[in-house]
Amino acid sequence: MPAVSNNLRAILGQLPPAVGLVAVSKFHPLEQLREAYDAGQRRFGESRADELAMKAAAMPDDVVWHFIGHLQTNKVRRVVTCASVIESIDSERVLRAVSVEAERIGRCMDIFLQAHVAAEETKTGFLPEEIPAVAGLAASLKGVRVVGLMGMASNTDDENRINADFAVLAELSRELQRVIPSATELSMGMSGDWPLAVAHGATLVRIGSAIFGPR
Ligand SMILES: *Cc1c(COP(=O)(O)O)cnc(C)c1O
């Protein structure tokens, strides 16, 4: 039995049925995506515009593509064309650019606002205090529809810190819903920490290496 489908089955067996799974396939070859697809997986996560475009062209049409990487303004057009959802809206500039581009092609793009709560400065996203104002701005833009909040916990073995980060993200999700009541999705949790994220109310987890192996 191939590894990818076994890994998928094991995770789906532990994941509450109400929590969605984004299989993060970045840097992994198409044959592994096909294996996951044949095992029933439909939501895939990619972090680079060019890789997303290549894989979207090669995979069946019913794949739901989540873009989860930092988005440069010059790649917005490509990602708006190929992605079903952009989870990584991390600046006002990208937010406005996505809305303009989506409107241009007659589309309303589903997006998540990405919040930065982790210890690492290399991670991107809005600061917690920025979320209500950004949500207000996003609600006024015609080319985007905010479906939820996305975030990452600190990259650490310290479960207290990880739990604290997920608690902050859950609180931010509630603040976001006070501005946009329909933005109920909460995307958090990766291979190393997803059970903690689910305990804190994640509605979507993004799991890569635990499905596809190391990158
Ligand atoms: C790569 C990535 C993931 C998946 O990470 P794993 O540790 O491989 O599960 C999830 N979310 C984002 C934003 C990522 O860039």
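The values are calculated or read from the model by the stated rules, or taken from the named source; none is laboratory data. Being a predicted model, the structure only gives us computed values, none of them experimental. Reconstructed Cβ throughout: ideal geometry from the backbone, glycine too, with neighbour counts over all protein chains shown.
So the values come out like this:
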{"item": "Segments classed as helices (runs of 4 or more DSSP H), wholly inside region 25-90, with at least 2 members that are within 16 Å of the chain's Cα centre (by Cα) and crowded, with 17+ Cβ neighbours inside 10 Å", "result": "49-58, 76-82"}
{"item": "Selection within region 138-157 - buried (at least 16 other Cβ atoms within 10 Å of the Cβ) and aliphatic (A, V, I, L, M)", "result": "Ala138, Leu141, Val144, Val146, Val147, Leu149, Met150, Met152, Ala153"}
{"item": "Test: residue in region 120-138 that is basic (Lys, Arg) and at pLDDT 95 or above", "result": "no"}
{"item": "Filter result for the condition that a residue is under 14 Å from the mean Cα position of the chain (by Cα) and at pLDDT 95 or above, over Gln177, Gln114", "result": "Gln114"}
{"item": "Residue within region 158-166 that is of a type in the set (S, T, N, Q), under 15 Å from His116 (Cβ atoms) and surrounded by fewer than 17 Cβ atoms within 10 Å (Cβ to Cβ) present", "result": "no"}
{"item": "Per-region count, region 28-63, residues within 13 Å of the ligand (Cβ to nearest atom) and closer than 21 Å to Ile89 by Cα", "result": "8"}
{"item": "Answer from Arg107, Arg93, Arg145, Arg78 - the residue that is closer than 23 Å to Val205 by Cα and of a type in the set (Lys, Arg)", "result": "Arg145"}
{"item": "Residue in region 195-210 that is surrounded by the most Cβ atoms within 10 Å (Cβ to Cβ), counting only those that are assigned to a helix (DSSP H, G or I) and more than 8 Å from the ligand (Cβ to nearest atom)", "result": "Ala197"}
{"item": "Test: Ser182 is in contact (Cβ under 8 Å) with a residue 12 or more places away in the chain, more than 14 Å from the ligand (Cβ to nearest atom) and either assigned to a loop (DSSP other than H, G, I, E, B) or closer than 15 Å to Gly20 by Cβ (or both)", "result": "yes"}
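Every residue, every condition in (1) under 14 Å from Met188 (Cα atoms); (2) out of contact with any Gly (no Cβ under 6 Å at 6 or more places or on another chain); (3) in a loop (DSSP other than H, G, I, E, B), yes or no:
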site	(1), (2), (3)
Leu113	yes, yes, no
Leu149	yes, yes, no
Thr156	no, yes, yes
Asn160	no, yes, no
